[in-house]
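This report refers to the structure that appears directly beneath it.
Quick note: the coordinates plus some simple rules give every number you see, no bench work behind them. Note that this is a predicted model, so its numbers are computed, not measured. For neighbour counting, all protein chains shown are included, and Cβ atoms are generated from backbone atoms with ideal geometry for every residue, glycine included.
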Amino acid sequence: MQQPIVGYHQDEEQHWVARLACGHNQHVRHQPPWTVREWVTTEQGRASKLGFSLFCVKCIEQAPRDWSLVHHHAGHKEVKE
């Protein structure tokens with residue numbers, strides 16, 4: 001199922017992880033030649049992909065959410081992992 005990227009964070013190994021609108025996380029690594037995602041290496045590149053849809057296997061598997069918004073006011077979003 002396609003889900004848009006709504007944000008990013010880094011995991012404990014400093015790999016970039018996309019937060020998807022469905023509440024699941026998905027790694028977005030740049031590991032040429034296997035996976036070429038040069039855009040993930042810069043803040044500007046990541047920002048350019050906000051709203052871009054990725055296929056979410058966790059949705060197909062009906063996995064529980066990885067995160068949820070617990071507080072949202074005046075443009076401030078607090079994410080609970």
Restricting attention to region 27-53, the residues that are within 21 Å of M1 (Cα to Cα), surrounded by fewer than 16 Cβ atoms within 10 Å (Cβ to Cβ) and aliphatic (A, V, I, L, M) number exactly 1
Scanning region 4-26 residue by residue, those surrounded by 14 or more Cβ atoms within 10 Å (Cβ to Cβ), in a strand (DSSP E or B) and of a type outside the set (S, T, N, Q) turn out to be P4, I5, V6, G7, Y8, W16, V17, A18, R19, L20
